[in-house]
1. Quick check on packing: order 108-114, 121-127 by the mean number of other C-beta atoms within 10 Å, highest mean leading.
2. I need the calculated FRET efficiency for the pair S76 and V17, taking r as the beta carbon distance and R₀ as 22 Å, to the nearest 0.05.
3. Go through the range 132-141 residue by residue and turn each phi into a ³J(HN,Hα) via Karplus (6.51, -1.76, 1.60, θ = phi - 60°); whole Hz please, and just put x for glycine and proline.
4. Per-residue HN-Hα couplings for the range 49-62, Karplus 6.51 cos²θ - 1.76 cosθ + 1.60 at θ = phi - 60°, whole Hz, x for Gly and Pro?
5. Simple spin-label model, 7 Å along Cα-to-Cβ: I9 to Q122 in nm?
6. Roughly how big is the chain's charge dipole about its Cα centre, with Cβ charges of +1 (Lys, Arg) and -1 (Asp, Glu), in debye to the nearest 20?
7. Which whole-Hz ³J(HN,Hα) couplings does the range 12-19 yield from phi under the Karplus relation 6.51 cos²θ - 1.76 cosθ + 1.60, θ = phi - 60°, glycine and proline marked x?
8. By the scheme Lys and Arg +1, Asp and Glu -1, what is the net charge of all other residues having a beta-carbon under 15 Å from that of E51?
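Each reported figure results from applying straightforward, stated rules to the coordinates on display, with no laboratory input. In this text the structure is predicted, and so the values were computed from the model without any measurement. Glycine gets a Cβ as well: all are built from the backbone with ideal geometry, and neighbour counts include every protein chain shown.
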Amino acid sequence: MDTLRANEIPADAILYVVFDGTRFQLLNGDQHVRRTCPSGWSSIGGQICIETAERAAASFEQAILTCADAGARLCSWGEFVAGCQQRSELGLANMTNNLEWTGNTANEDNFVRVAGGADCHQAGTTASIGPTRTYRCCYPQ
């Protein structure tokens, strides 16, 4: 058994522990150390990294695969709205110029939620098969 010392815990680390009846056991090691957002990405509230620029239009499937290749995923509708509301401070471009793909499904098969458009709260649904749209990727810090 290894002993964890306070000076070995990185600042801002989120640790999960459980008490086994005798002592606390660390469940996650360093896997939840907050990551910094790289160049071209901004932090939403220290929780989510979001791309500052939208990516070129692609199919929904290609957008998912591109984000996955970047170690990320499509932004959820909530993440998109949160970023959009802070777009000036975060330096996010083109948040309200068109509807972008989000990672949220709609209440119909093969339809997904899109966000952006005229304002931060504009949203709709569209078929996930066929159209192309711009998008941006997100990942948890």
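1. 108-114, 121-127
2. Rounded to the nearest 0.05, the efficiency is 0.20.
3. After applying 6.51 cos²θ - 1.76 cosθ + 1.60, I find 10, 8, 6, 6, 9, 9, 9, 7, x, 6 Hz.
4. 9, 10, 5, 6, 10, 6, 8, 4, 4, 8, 5, 4, 4, 5
5. That separation, rounded to one decimal, is 4.7 nm.
6. 140
7. 6, 6, 9, 10, 10, 10, 9, 8
8. Within the 15 Å Cβ shell, the charges total +2.
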